[in-house]
Amino acid sequence: MSATQTLVCLRTVGQDNPASLATYLKLGGYAQLQKLVTEKVKATEIISQVKLSGLRGRGGAGFPTGLKWSFMPRYFDGTKYLVCNTDEGEPGTFKDRDIIRYNPHQLIEGMAIAAYTLGARVGYNYIHGEIWQDYEIFEAALEEARAAGFLGENLFGTGFSFDLYAVHGYGAYICGEETALIESIEGKKGQPRFKPPFPASYGVFGKPTNVNNTESYTSIPWIMEHGGQAFQELGVANSGGSKIFSISGHVDKPGNYEVNMGIPFAELLALAGGVWKGRQLKAVIPGGPSTAVLPAAAIIGATMDYDGLSKAGSSLGAGSMIVMDETTCMVKTLKRLSYFFFEESCGQCTPCREGTGWLYRVIKRIVDGQGRLEDLDLLTDVSSNISGRTICALGDAAATPVLSFIKHFRPEFEYYIRHGRSMVEDGLAAQSQAQQEVAYA
Amino acid sequence: MSLSTESQAKIDRELTKYPPEHRQAAVMSALRIAQTEKGWLSKETIAEVADYLGIPAIAALEVATFYNMYELEPVGKYKITVCTNISCMLRDSAEIVTHLEKKLGIGFNETTADGQFTLKEGECMGCCGGAPLFHINNTQMHEYLTPEKVDQILEGLDK
Ligand SMILES: Cc1cc2nc3c(=O)[nH]c(=O)nc-3n(C[C@H](O)[C@H](O)[C@H](O)COP(=O)(O)O)c2cc1C
Ligand code: SF4
Ligand code: FES
């Protein structure tokens, strides 16, 4: 049986003018917001539906959304804020971009429902710097929603008010981390804050703030319409709902696929057209580079949900599946990833700042043919010394690829160190040599 | 040398997004708007943005140096930033880089002698499904690139 998509967050994809208000209204858009607000449904009732839905934060950490919402102080004398994290810059992650360019109104409705529930008066959606055209689509959607009376003051004549604005990042992966993102909204360098205090007590401008990922908020209108139970039942135990998987790398049809949680890996791979060029699967990074790489054998039988991937030895992350075929040199791939974390470390913590630079230099030295066998232990040591000693999780994220690549593909690293060349590329060269000899024979 | 009234109006619109006592919050967009007008951010432009917002110049400078998409040196009329991160690398962003280097006769962080093009290496742009890809002047994304498509895009630009 081949799997099909379940369009919850990408519900307007395939429609004419998917991003327009008219399209969203035709699909029943904003009805949930209007209903909850005009019927004055209690915040506790809404939060209990979100808890029931099993929705876990889609930004990568998987924290239960309903529980997070219950941390926001109910009574607060001043403005409370709502923040949406559309800063996706973790390599392989490109799902939130499709939400803001194809289905922006469902995100706006989800945020407005959250604002009503949490008593937030003002919201910001922080959008990744490089996707300017999509930022403009979202700005246009905000204008439409304001004009139609879904954002602004005294909505539906009930006294409930919510203003929502778009904020544009300008090229810093670290701003995806929620406290760095808050600093950035305030017009500062994106350097993560110490936690605690958490954003729920000290967020934007020092005020209580709820931060969620784009896909998390966008799931809310569906949950309100169909009930938390129905959302949970789309998925499996511990992983409620549908999930957008961003599939990139060596597949025939890279792109976003929204499917039910718990889908077998093989079915998801088939949806993306399978491995390209008829080649063999070598490895998959299932949730973005901050999740461990898995060799084909470890992932082929796995299911795509929190527990399934943790059993397989990795994690779901943001659902950013990077597929690598048999021609991929793992040493060179790791070099590029290590450069990324080194380049993007914000420099506040010594273990991260120094460690990421050290990791990159050692891997580069191996690729340059100057590696020593002790380097593999050195890499493992340096990685282990970063983990758990930093302000934010970027440090751990930098260590994960190094540890998992070496764990699963050690012979490739040893070969590179011994010969100063890539084992995979040598293998491919030998193969094509043999083919030529056959052709001439 | 001061900011155009058009740029000032755009900055004013950004300011409406924040409480009046938090004018610094608009610094990122103000710097972006200034860069779009001037092509890059000189120390004077940065100081002027800071002045306009009523914040210390050092606060604006810190932001301008922290974020990758601000240009603190002059760049060509067209700045092409190619993503070479993992998903793009797996789909041969190197071929696109080599093609651009040959065609323009420059490497990363260089500008053509006629001041038309600057080439930059970028980190993940959150569009990995469309790899390989680049953006021009921080605003136009071009995906699913091939050397032929790159030629067409470059020919389509005003010289
Ligand atoms: C280095 C780093 C980068 C992150 N990048 C993102 C991101 O691009 N988008 C996102 O939603 N969360 C990102 N996160 C996670 C956020 O800190 C935060 O947990 C999330 O936005 C909360 O929303 P959720 O609970 O709905 O997932 C990142 C975390 C770290 C440490
Ligand atoms: S772990 Fe790295 S990125 Fe995170 S705060 Fe420390 S130095 Fe910055
Ligand atoms: S890796 Fe190139 S856009 Fe994400």
Where does the protein assembly as shown land at 222 nm, in deg cm²/dmol rounded to the nearest 500, when only DSSP H runs of n ≥ 4 count, each adding -39500 (n - 2.57), divided by all residues?
-14000 deg cm²/dmol
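Loop-only GluC sites (Glu not before Pro) in region A:222-287, please: DSSP not H, G, I, E or B, and at most 16 other Cβ atoms within 10 Å.
none
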Any DSSP H helix in chain A with Cα axial reach of 20 Å or more and mean Kyte-Doolittle score of at least -1.0? Listed by number, the hits are A:104-118, A:132-147, A:330-344, A:350-367, A:394-419, A:423-440
For A:139-150, mean number of other protein chain Cβ atoms within 10 Å
0
How much of the DSSP beta bridge set in the protein assembly as shown is antiparallel, as a percent to the nearest 5?
50
With every protein chain left in place and a probe of 1.4 Å, what is the accessible surface of B:Lys17, to the nearest 10 Å²?
10
For region A:113-202, report the translational diffusion coefficient in µm²/s to the nearest whole number, using Stokes-Einstein at 20 °C, 1.002 mPa s, and a Kirkwood Rh over Cα pairs.
148
Reported to the nearest 10 Å², B:Arg13 has, with a 1.4 Å probe, an accessible area equal to 100
Helix B:43-53 sits off the longest principal axis of the Cα atoms of chain B, rounded to the nearest 10 on a 0 to 90 degree scale, by 50
Select from region A:322-370 all residues whose loss of accessible area on going from the chain by itself to the full protein assembly reaches 40 Å² or more (probe 1.4 Å).
A:Arg336
Hey, can you find the accessible area per residue of region A:21-234 for me, probe 1.4 Å, expressed in square angstrom?
33
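Determine the shielding of peptide B:82-94 by partner chains: average, over its residues, the number of Cβ atoms on other chains within 10 angstrom of each Cβ.
6
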Just to compare against my own numbers: the Cα pair-distance distribution for the protein assembly as shown, 20 Å bins, whole % per bin, please.
20, 55, 24, 2, 0
Beta carbons within 10 angstrom, averaged per residue: use that to sort the peptides B:149-155, A:329-335, B:66-72, highest first.
A:329-335, B:66-72, B:149-155
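Of all accessible surface on region A:242-325 at a 1.4 Å probe, what whole percent is carbon and sulfur?
52
For region A:330-440, what is the Kirkwood hydrodynamic radius in Å, using each pair of distinct C-alpha atoms?
14.7
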With the convex hull built on the alpha-carbon atoms of region A:217-280, volume per residue in Å³ sits at 89
What accessible area per residue, rounded to a whole number of Å², is obtained for region A:330-440 using a probe radius of 1.4 Å?
49
Region A:284-339 to region A:162-205: how many Å between their Cα centroids?
28
Could you name the aspartates and glutamates whose alpha carbon sits less than 16 Å from that of B:Lys10, not counting residues in the same chain fewer than 8 places away?
A:Glu136, A:Glu139, A:Glu143, B:Glu37, B:Glu48, B:Asp51
Chains B and A: how much accessible area gets covered up at their contact, both sides added, probe 1.4 Å, in Å² to the nearest hundred?
4100
For A:Glu178, what accessible surface area do you get with a 1.4 Å probe? Give it in Å², rounded to 10.
40
Which pairs, out of A:Lys189/B:Lys149; A:Lys253/B:Lys120; A:Lys42/A:Lys207; B:Lys77/B:Lys103; A:Lys335/B:Lys38, put more than 26 Å between their alpha-carbon atoms?
A:Lys189/B:Lys149; A:Lys253/B:Lys120; A:Lys335/B:Lys38
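Just to check, using Stokes-Einstein with a Kirkwood Rh over alpha carbon pairs, what's the diffusion coefficient of region A:208-328 at 25 °C and 0.890 mPa s in µm²/s?
Reported coefficient: 166 µm²/s.
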Partner shielding of B:117-126, as the mean number of partner chain Cβ atoms within 10 Å, equals 6
Whole-number percent relative contact order across region A:242-325, with pairs defined as alpha carbons under 8 Å at least 6 apart:
36
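The values are calculated or read from the model by the stated rules, or taken from the named source; none is laboratory data. Just so it is clear, the model here is predicted, and its values are computed rather than measured. Quick reminder, even Gly has a Cβ in these numbers, built from the backbone with ideal geometry, and neighbours come from all protein chains shown. We work out accessible area using only protein heavy atoms, side chains counted, and drop any ligands, DNA or RNA first. Shrake-Rupley method; radii C 1.70, N 1.55, O 1.52, S 1.80 Å.
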